[in-house]
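Trainee: Sharing a structure, written as structure tokens. Questions coming.
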There are 2 protein chains.
Amino acid sequence: MAKIQSKKNSSKKEIIIEKAARLFREKGFGAASMRDLAEVVGVEAASLYNHIQSKAEILQAICFKAANEFISHLESVEASSESTLKKMETIIRFHIHMMLDHYEYVYISDHEWRHLPEPYLSNFLNQRRSYRKRLGDIISEGIHKNEMKQIDPYVAVLTILSAVSGIESWQRSRKSTSADVLESSMVKYLIEGLKK
Amino acid sequence: MAKIQSKKNSSKKEIIIEKAARLFREKGFGAASMRDLAEVVGVEAASLYNHIQSKAEILQAICFKAANEFISHLESVEASSESTLKKMETIIRFHIHMMLDHYEYVYISDHEWRHLPEPYLSNFLNQRRSYRKRLGDIISEGIHKNEMKQIDPYVAVLTILSAVSGIESWQRSRKSTSADVLESSMVKYLIEGLKK
DNA sequence: TACTGTTAATGACATATGTTTGTTTTTTTA
DNA sequence: TAAAAAAACAAACATATGTCATTAACAGTA
């Protein structure tokens, strides 16, 4: 059996993917070259291929890692017995935290998925559709239980997810607004608009 | 003097930019090649350069056209004497209509601006910052006049603009929700969250 | 018909791209 | 310390890129 890692607990592959996440976010997947990536990793471009199979594989890893985190969190929320309003708040906060703490991954998953090769692309879009559908179901339930005001669930989900993903522009800004204010204000805005 | 146009009232340059808008939206600026563009225009790649100066110039034209429309609309709203809440509703509706009617342009302006060459890039970002600042000012005024609930204006603007730009994903979808429902639901959601 | 200005096509340029091959160096294992 | 495995390298590949120079087609006017 192989002694897995040397430094820290991240394999070289993980390092490559981490660096790639930042690079892809900064320049976009298409505009970021393998030679760019090699440079930030501190290696020649050809050497990358000892650890990964293709540029696209890196994108897959990033996109699906982010997607899986959202899905598994949703599952735990669905299994809980909180009110629908509280469920939505929990989910919104989770999305915000992901935007704050795993910005690169979430950003790429949000914006660069179109460069995924098939069949990963279809797979990704299916997961996404299903995720949104399940959020919509929570809102539908909230309306039926009279916890939420009458609103189109599809549009509500769209609005919430888009709003949160706009935190991207806060990340790029000089951040004169603190992360705390950002979170509480956005949650307040999105929940008030939902609450009956 | 030259007889300007043959067909319709759009110059070849305008046709190129129109086709490019669609192409850039579908494939992304970086992944869309001049040869791709030439094909949809129905001409050889090199011939495009009789009408435009560079690929980047096309992007500039698209981004600034969209930006200018938003700015000049904002100016007319600022000059009006409606309530702050009504002003914001007007602006939100305008953004939604832009997403519905000029989807390609707005989308590119939203997502591909980072490929603008300097000094256009700085210019664009300045305009954007200023635009958002002015929206924030309307909200601040609304709070002072007790027309809106206490909320961080920066975050409110961020939330609103991001939410609207999420209509992109509706555009790409099978549109089982009508444009009318989309507009009224989103306006309701965003205004309710603002109203005192 | 000949002239003129505009646009298109051809073919090429220099460079950049993702990736492979073959080889050497470094690290791990025995 | 020697053998084996893993990782890095240099060089090259085939192709794609934005763009330019030159030349040919073609319209409208005289």
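The values are calculated or read from the model by the stated rules, or taken from the named source; none is laboratory data. This structure is a prediction, so every number in the text was calculated from the model and none was measured. Neighbour counts are summed over all protein chains in view; Cβ atoms, including those assigned to glycine, are modelled from backbone coordinates with ideal geometry. Side chains included, ligands, DNA and RNA excluded: accessible areas come from the protein's heavy atoms. Shrake-Rupley method; radii C 1.70, N 1.55, O 1.52, S 1.80 Å.
Trainee: In whole Hz, what ³J(HN,Hα) sequence does the stretch B:138-146 give by Karplus (6.51, -1.76, 1.60; θ = phi - 60°), x for Gly and Pro?
Mentor: Values, residue by residue: 4, 5, 4, 4, x, 5, 4, 7, 6 Hz.
Trainee: Give me the net charge for the shell around residue A:44: Cβ to Cβ below 15 angstrom, other residues only, Lys and Arg +1, Asp and Glu -1.
Mentor: Details: positive: A:12, A:19, A:35; negative: A:36, A:39.
With Lys, Arg at +1 and Asp, Glu at -1, the neighbours total +1.
Trainee: Here is a follow-up. Restricting to DSSP loop positions (anything but H, G, I, E, B) with no more than 14 other Cβ atoms inside 10 Å of their own Cβ, which GluC sites (Glu not before Pro) remain in the stretch B:71-134? Please report the intermediate quantities before stating the final value.
Mentor: Working: sites: B:75, B:78, B:82, B:89, B:104, B:112; in loops: B:82, B:112.
Passing both the DSSP loop test and the Cβ count: B:82.
Trainee: Of the trypsin sites (Lys or Arg not before Pro) in the stretch A:71-172, which ones lie in a loop per DSSP and count no more than 12 other C-beta atoms within 10 Å? Before the final figure, lay out each step's value.
Mentor: Numbers: sites: A:86, A:87, A:93, A:114, A:128, A:129, A:132, A:133, A:134, A:145, A:149, A:172; in loops: A:145, A:149.
In loop regions of the stretch A:71-172 (DSSP not H, G, I, E or B), the sparsely surrounded trypsin sites (Lys or Arg not before Pro) are A:145.
Trainee: Further question on the same structure: Identify which of B:50, B:126, B:68 has the largest mean-square fluctuation in a Gaussian network model of chain B, with springs joining Cα atoms closer than 10 Å.
Mentor: Top of the fluctuation ranking is B:50.
Trainee: Rounding to the nearest 10 and keeping the result within 0 to 90°, find how far the Cα-based axis of helix B:179-192 lies from the longest principal axis of chain B.
Mentor: The answer is roughly 40 degrees.
Trainee: Hey, can you find the accessible area per residue of the protein assembly as shown for me, probe 1.4 Å, expressed in square angstrom?
Mentor: Numbers: 19540 Å² over 392 residues.
Per-residue accessible area for the protein assembly as shown comes out at 50 Å².
Trainee: What is the Rg over Rh value, at two decimals, for the protein assembly as shown, using alpha-carbon atoms and the Kirkwood definition of Rh? Mind dumping the intermediate values first?
Mentor: Numbers: Rg = 22.5 Å, Rh = 22.8 Å.
Rounded to two decimals, Rg over Rh is 0.99.
Trainee: If I build a Gaussian network model for chain A, linking alpha-carbon pairs within less than 10 angstrom, which residue out of A:159, A:177, A:90 has the largest mean-square fluctuation?
Mentor: A:177
Trainee: Another one. In nm, give the distance between the simple-model label positions of residue B:171 and residue B:149, each being 7 Å from the Cα along the Cα-to-Cβ direction.
Mentor: 3.1
Trainee: Here is a further query. Calculate the FRET efficiency for residue A:54 and residue B:129 from the Cβ-Cβ distance with a Förster distance of 35 Å, rounded to the nearest 0.05.
Mentor: Details: r = 38 Å, r/R0 = 1.09.
E between residue A:54 and residue B:129, to the nearest 0.05, is 0.35.
Trainee: Next question, about the same structure. In whole percent, what relative contact order does chain B give with Cα contacts below 8 Å and a gap of six or more residues? Let's see the in-between values first.
Mentor: Working: 148 pairs, mean separation 42.8, N = 196.
Contact order relative to length: 22 percent.
Trainee: Sketch the reach of a paramagnetic label on residue B:31 as a point 7 Å from Cα along Cα-to-Cβ, and name the residues of the stretch B:92-116 whose backbone nitrogen lies under 20 Å away.
Mentor: B:103-116
Trainee: Could you tell me which of the pairs B:87/B:196; B:175/B:195; A:86/B:145; A:188/B:145; A:149/A:188; A:133/B:149 are separated by over 27 angstrom between their Cα atoms in the structure shown?
Mentor: Values: B:87/B:196 15 Å; B:175/B:195 29 Å; A:86/B:145 31 Å; A:188/B:145 20 Å; A:149/A:188 15 Å; A:133/B:149 31 Å.
Checking Cα-Cα distances, B:175/B:195; A:86/B:145; A:133/B:149 exceed 27 Å.
Trainee: Any idea what Rg and Dmax come out to for chain A if you just take the C-alpha atoms, in Å?
Mentor: Just the Cα atoms of chain A yield Rg and Dmax of 19.1, 60 Å.
Trainee: Roughly how many nanometres apart are two label points built 7 Å out from the Cα toward the Cβ at residue B:120 and residue A:137?
Mentor: Label-label distance for residue B:120 and residue A:137, simple model: 4.7 nm.
Trainee: Quick check: the angle from helix B:84-101's long axis to the longest principal axis of chain B, C-alpha only, nearest 10 degrees?
Mentor: So the helix axis and the longest Cα principal axis differ by about 30 degrees.
Trainee: Also, quick follow-up: Add +1 for every Lys or Arg and -1 for every Asp or Glu among the other residues with Cβ under 12 Å from the Cβ of residue A:100, and state the total.
Mentor: Numbers: positive: A:93, A:175; negative: A:101, A:104, A:168, A:180, A:183.
Its environment carries a net charge of -3.
Trainee: Taking both sides together, what accessible area is buried at the A/B interface, probe 1.4 Å, expressed in Å² and rounded to the nearest 100? Spell out each step's value before the answer.
Mentor: Working: alone 11370 and 11410 Å², together 19540 Å².
When A and B are taken together, about 3200 Å² of accessible area is lost.
Trainee: Would you look at the GNM of chain A, springs on alpha carbons closer than 10 Å, and say which of A:185, A:173, A:130 moves the most?
Mentor: A:173
Trainee: All other residues with a Cβ under 14 Å from the Cβ of residue A:175 taken together, and with Lys, Arg as +1 and Asp, Glu as -1, what is their net charge? Walk me through the numbers on the way to the answer.
Mentor: Numbers: positive: A:172, A:174, B:129; negative: A:168, A:180, A:183, B:152.
For residues surrounding residue A:175, the net value is -1.
Trainee: Step through the residues of the stretch B:58-67 one at a time and calculate ³J(HN,Hα) from phi using the Karplus curve (6.51 cos²θ - 1.76 cosθ + 1.60, θ = phi - 60°), rounding each to whole Hz and writing x for Gly and Pro.
Mentor: Values per residue, Gly and Pro as x: 5, 4, 4, 4, 5, 4, 6, 4, 5, 4 Hz.
Trainee: Here's a follow-up. On a C-alpha basis, how far is the centre of the stretch A:13-27 from the centre of the stretch A:141-196 in Å? Whole number, if you could?
Mentor: Computed from Cα coordinates, the inter-centre distance equals 28 Å.
Trainee: Compute log10 of I(q)/I(0) for the stretch A:10-52 with the Debye formula, placing one identical point scatterer on every Cα and leaving out solvent, at q = 0.30, 0.32 Å⁻¹, to two decimals.
Mentor: For the stretch A:10-52 at q = 0.30, 0.32 Å⁻¹, log10 I(q)/I(0) is -1.12, -1.21.
Trainee: May I ask for the angle, rounded to the nearest 10°, between helix B:153-165 and the longest principal axis of chain B, with both axes built from Cα atoms and the value confined to 0 to 90°?
Mentor: So the helix axis and the longest Cα principal axis differ by about 50 degrees.
Trainee: What percentage of the solvent-accessible surface of chain A, computed with a 1.4 Å probe over protein heavy atoms, is contributed by carbon and sulfur atoms?
Mentor: Values: 4840 of 9750 Å².
The C+S portion of the solvent-accessible surface of chain A is 50 percent.
Trainee: Grab the DSSP H runs of chain B that are 4 residues or longer, score each as -39,500 (n - 2.57), total them, divide by all residues and round the 222 nm result to the nearest 500 deg cm²/dmol. Can you show the working numbers first?
Mentor: Details: 9 runs with 134 residues, N = 196.
The helix contribution divided over chain B gives -22500 deg cm²/dmol.
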